[in-house]
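See below for the structure under consideration.
The values are calculated or read from the model by the stated rules, or taken from the named source; none is laboratory data. Keep in mind that this is a model prediction, so the values were computed, not measured. Here the Cβ positions follow ideal geometry from the backbone for every residue, glycine too, while neighbour counts run over all protein chains shown.
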Amino acid sequence: GENVGLHLPTLSVQEGDNSIINCAYSNSASDYFIWYKQESGKGPQFIIDIRSNMDKRQGQRVTVLLNKTVKHLSLQIAATQPGDSAVYFCAETPFTGKLIFGQGTTLQVKP
Amino acid sequence: GAGVSQSPSNKVTEKGKDVELRCDPISGHTALYWYRQSLGQGLEFLIYFQGNSAPDKSGLPSDRFSAERTGGSVSTLTIQRTQQEDSAVYLCASSSTSGGRDTQYFGPGTRLTVL
């Protein structure tokens, strides 16, 4: 079936460095993408979203890039902080209601 | 309320027992979703409610799973004759409008352990 996958299961970065988390999606009909952050014992928390008519969107310290040609999504976190340590999921929605989640990337921030 | 709430936070049950998991969505949100998250995995869609429309049950893994949403607000996910493979965190989310293009806000989840 359709799936959204992440390239790296674990990413370890130094505090203050920039982080890049990648995601591949396979459903060409998907037109809305979301990044979620999940801390241990908590539900996923919305970070940023992007629609397919855009290729870049910026938030506070985060940027999402969408490359529809190669069906690739990335999340960039600037000046990574210890509080950014969590599991990050990308999700796509090709149609109403359902979000299709990837497996997640664990981000570890070293002090 | 301020956010999506779920109860109980943890549930331990014996194989073969029925369990009910509750979700209180954000007030005013018309759409409600249930997902399942196995250890170290992503989220698996289970069911989606939107207003008074018939729910999308396409993600329910078997007929032992069912869900209701009463009065367009609170939802209950019921698992009958639980099996060990049902052990997971069950997450509920809600969003403000239909169409699947609005941010889904998640509750903290219910961790179900089937012994």
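Against the list (1) within 14 Å of another protein chain (Cβ to nearest Cβ); (2) without any contact (Cβ under 8 Å) to a residue 40 or more places away in the chain; (3) touching a Ser or Thr at 6+ places or on another chain (Cβ under 9 Å), the condition residue A:56 fails is (1). Those strands (runs of 3 or more DSSP E) of chain A in which 1 or more residues are among the aliphatic types (A, V, I, L, M) occupy A:4-6, A:10-14, A:19-25, A:32-38, A:45-51, A:62-67, A:72-77, A:86-92, A:105-110. Can you say whether residue B:19 is away from every other protein chain (no Cβ under 11 Å), in contact with a strand residue (DSSP E or B) (Cβ under 6 Å, 6 or more places away or on another chain) and surrounded by 14 or more Cβ atoms within 10 Å (Cβ to Cβ), as far as the supplied structure shows? Yes, satisfied. As a summary of the residue check, residue B:69 satisfies the conditions (1) under 13 Å from residue B:6 (Cβ atoms); (2) under 11 Å from the mean Cα position of the chain (by Cα) except for the one numbered (1). Among the residues of region B:3-23, those that are over 14 Å from residue B:67 (Cβ atoms) and charged (D, E, K, R) comprise B:11, B:14, B:15, B:17. Considering only region A:13-28, I want to know if a residue exists there that is aliphatic (A, V, I, L, M) and within 29 Å of residue B:25 (Cα to Cα). No: region A:13-28 contains no residue that is aliphatic (A, V, I, L, M) and within 29 Å of residue B:25 (Cα to Cα). Quick check, is residue B:75 closer than 26 Å to residue A:36 by Cα, of a type in the set (S, T, N, Q) and modelled with pLDDT of 95 or more? So residue B:75 fits the description; yes. Checked across region A:59-74, the condition of being of a type in the set (S, T, N, Q) and at pLDDT below 95 holds for at least one residue.
Please list, ordered by residue number, the strands (runs of 3 or more DSSP E) wholly in region B:1-91 having 3 or more residues that are aliphatic (A, V, I, L, M). Strands (runs of 3 or more DSSP E) meeting the threshold: B:43-50. Just to be sure before I move on: is residue B:97 over 12 Å from the mean Cα position of the chain (by Cα), modelled with pLDDT of 95 or more and either in a loop (DSSP other than H, G, I, E, B) or loosely packed, with under 12 Cβ neighbours inside 10 Å (or both) in the structure I sent? Criteria not met by residue B:97. Only a single criterion out of (1) modelled with pLDDT of 95 or more; (2) surrounded by fewer than 16 Cβ atoms within 10 Å (Cβ to Cβ); (3) away from every other protein chain (no Cβ under 14 Å); (4) touching a strand residue (DSSP E or B) at 6+ places or on another chain (Cβ under 6 Å) is not satisfied by residue A:78, namely (4). Does residue B:38 qualify as being touching a residue at least 40 places away in the same chain (Cβ under 8 Å) and surrounded by 14 or more Cβ atoms within 10 Å (Cβ to Cβ)? It is false that residue B:38 is touching a residue at least 40 places away in the same chain (Cβ under 8 Å) and surrounded by 14 or more Cβ atoms within 10 Å (Cβ to Cβ).
Considering only region B:39-54, state which residues are facing chain A (nearest Cβ under 8 Å) and in contact with a Leu (Cβ under 7 Å, 6 or more places away or on another chain). Correct list: B:43, B:45. Inspection of region B:76-99 finds a residue satisfying the criterion of being farther than 21 Å from residue A:47 by Cβ and within 8 Å of chain A (Cβ to nearest Cβ).
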